[in-house]
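**Student:** Quick one: this structure, given as structure tokens, is what I'll be asking you about.
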Amino acid sequence: MTVAAHLNFRRAADELGLSPSSLSYTMRTLEQNLGVRLLNRTTRSVQPTEAGARLLARLQPVLQDLSAALREVDEFRDQLRGTSRINAPETAARLLVRPVVPPFLAKYRDMSVDIVTEGRLIDIVAEGFAAGVRLGEAVPQDIIAVHFDGEAGFLAVASPHYLAQHGVPQVPDDLRAHACIRHRMPSGKLFRWEFARHGQMLAMDVNGPLTLDHTGLMVDAAADGLGIAYVPERAAQPWLADGRLVPVLSDWCPAFPGFFLYFPGRRQIPAGLRAFIDVLRQRLA
């Protein structure tokens, strides 16, 4: 199941705490015992065969039920043990690391927290995470979520020096005459800038000489006078506070629900994750 989730022996071996050669030998032994090839392997890729995909589909619910049963036994122990793996964008990870992780680790000394920061949307179950963190609009509809962040918003920001040279845009369409710092998402697509006012919604592709794939770099570039960036308000706040950046088109930049921690199914919440959520809620209170 782990090899099929990662489609890569090295990453699967890392998760399982094995060497790639040991994992490869184990897979070959399993296939020999079954008399069926389960994975097609090349030097560059790994894919389940038709037989492997069918076996995987039957095994997943069985092993999930087994994991749930073992977690119920874990709850009878006085002290929680294990690792809670959480996938989150960098901005959300910062919200968890400072106020939530320290009291959690202080209370549950045999627990550890593994936070992976990345921007791409993933299947947290398939990639071995106990929970994920995303903005409200990006959380899957059929999943349990805990809202732990207030309203957030994106802002168009630029340095005073840039605006003195190029003027201040008054409406989103004015951006077509400006150097915009574009954001390339993990999927490779360019992020469309979204605006709203008085019920009017607008999403636009912008032009500019610089494209970046990291919010922090976009904020730095805007502060250095390279153009206008469209970034989460929280990411730009330190620069806004000291005047290195100023907002533009503020009345066109709507607020939206902030971050949610989400996880599958109420009946299969690992005890460690449940404890982490309890600490999260306490900190919110």
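**Student:** Within the bounds of the stretch 95-108, is there any residue that is without any contact (Cβ under 8 Å) to a residue 24 or more places away in the chain, open to solvent by 40 Å² or more (accessible area, probe 1.4 Å), within 30 Å of L38 (Cα to Cα) and among the aliphatic types (A, V, I, L, M)?
**Tutor:** So far as the stretch 95-108 goes, no, none of its residues is without any contact (Cβ under 8 Å) to a residue 24 or more places away in the chain, open to solvent by 40 Å² or more (accessible area, probe 1.4 Å), within 30 Å of L38 (Cα to Cα) and among the aliphatic types (A, V, I, L, M).
**Student:** Restricting attention to the stretch 208-218, does a residue exist that is open to solvent by 20 Å² or more (accessible area, probe 1.4 Å), of a type in the set (V, I, T) and modelled with pLDDT under 90?
**Tutor:** The answer is yes, given that some residue of the stretch 208-218 is open to solvent by 20 Å² or more (accessible area, probe 1.4 Å), of a type in the set (V, I, T) and modelled with pLDDT under 90.
**Student:** Can V62 be described as open to solvent by 70 Å² or more (accessible area, probe 1.4 Å), closer than 30 Å to V279 by Cβ and not charged (D, E, K, R)? Break it down into steps so the answer makes sense when it comes.
**Tutor:** Working: open to solvent by 70 Å² or more (accessible area, probe 1.4 Å): yes; closer than 30 Å to V279 by Cβ: no; not charged (D, E, K, R): yes.
Criteria not met by V62.
**Student:** Which of the residues that make up the stretch 7-28 are open to solvent by less than 40 Å² (accessible area, probe 1.4 Å) and either in contact with a strand residue (DSSP E or B) (Cβ under 8 Å, 6 or more places away or on another chain) or of a type in the set (V, I, T) (or both)?
**Tutor:** F9, M27
**Student:** Of the residues in the stretch 1-54, how many are not in a helix (DSSP H, G or I) and not small (G, A, S)?
**Tutor:** The number of residues fulfilling the criteria is 17.
**Student:** So which pairs qualify, if the first residue must be in the stretch 260-271 and over 20 Å from L80 (Cα atoms), the second must be modelled with pLDDT of 80 or more and surrounded by fewer than 15 Cβ atoms within 10 Å (Cβ to Cβ), the Cβ gap must be under 7 Å, and the two must be at least 6 apart or on different chains?
**Tutor:** F260/H147
**Student:** Can I ask one more? Here are some conditions: (1) under 30 Å from V168 (Cβ atoms); (2) assigned to a helix (DSSP H, G or I); (3) open to solvent by 70 Å² or more (accessible area, probe 1.4 Å). L226 meets all but one. Which one does it not meet?
**Tutor:** (2)
**Student:** Also, I was wondering about something else. Within the set of pairs 6+ apart or on separate chains, which have a first residue in the stretch 212-237 that is closer than 21 Å to R176 by Cα, a second that is open to solvent by less than 10 Å² (accessible area, probe 1.4 Å) and among the aromatic types (F, W, Y), and C-beta atoms under 7 Å apart?
**Tutor:** So the pair list comes out as G225/Y162; G227/Y162; Y230/W193.
**Student:** I would also like to ask the following. Please enumerate the residues belonging to the stretch 232-253 that are open to solvent by 40 Å² or more (accessible area, probe 1.4 Å) and under 19 Å from A92 (Cα atoms).
**Tutor:** E233, R234, Q237, P238, W239
**Student:** Report, by residue number, each residue of the stretch 229-249 that is assigned to a loop (DSSP other than H, G, I, E, B) and of a type outside the set (G, A, S).
**Tutor:** D242, R244, L245, L249
**Student:** So for the stretch 170-184 (the condition being closer than 26 Å to L95 by Cβ, surrounded by fewer than 17 Cβ atoms within 10 Å (Cβ to Cβ) and not polar (S, T, N, Q)), does at least one residue qualify?
**Tutor:** Within the stretch 170-184, one or more residues are closer than 26 Å to L95 by Cβ, surrounded by fewer than 17 Cβ atoms within 10 Å (Cβ to Cβ) and not polar (S, T, N, Q).
**Student:** Filter the stretch 254-285 down to the residues that are in a helix (DSSP H, G or I) and aliphatic (A, V, I, L, M), then identify the one that is most open to solvent (accessible area, probe 1.4 Å).
**Tutor:** Per the criteria, the residue is L284.
**Student:** Something else about it: Go through the stretch 217-232 and give me each residue that's closer than 23 Å to F259 by Cα and of a type outside the set (S, T, Y).
**Tutor:** Correct list: L217, M218, V219, A229, V231, P232.
**Student:** Also, quick follow-up: Looking at R274, R283, which is the one that is among the basic types (K, R), on the phi < 0 side of the Ramachandran plot and in contact with a Pro (Cβ under 6 Å, 6 or more places away or on another chain)?
**Tutor:** Numbers: R274 fails: in contact with a Pro (Cβ under 6 Å, 6 or more places away or on another chain).
Being among the basic types (K, R), on the phi < 0 side of the Ramachandran plot and in contact with a Pro (Cβ under 6 Å, 6 or more places away or on another chain) holds for just one of R274, R283, which is R283.
**Student:** So how many residues does the stretch 191-206 have that are more than 24 Å from L95 (Cβ to Cβ), out of contact with any helix residue (DSSP H, G or I) (no Cβ under 7 Å at 6 or more places or on another chain) and open to solvent by 60 Å² or more (accessible area, probe 1.4 Å)?
**Tutor:** 6
The values are calculated or read from the model by the stated rules, or taken from the named source; none is laboratory data. Note that the structure is predicted; figures quoted are calculated from it, not measured. Cβ coordinates were reconstructed from backbone atoms using ideal geometry, including for glycine residues, and neighbour counts include every protein chain displayed. Note: areas computed on protein heavy atoms with side chains; ligands, DNA, RNA excluded. Shrake-Rupley method; radii C 1.70, N 1.55, O 1.52, S 1.80 Å.
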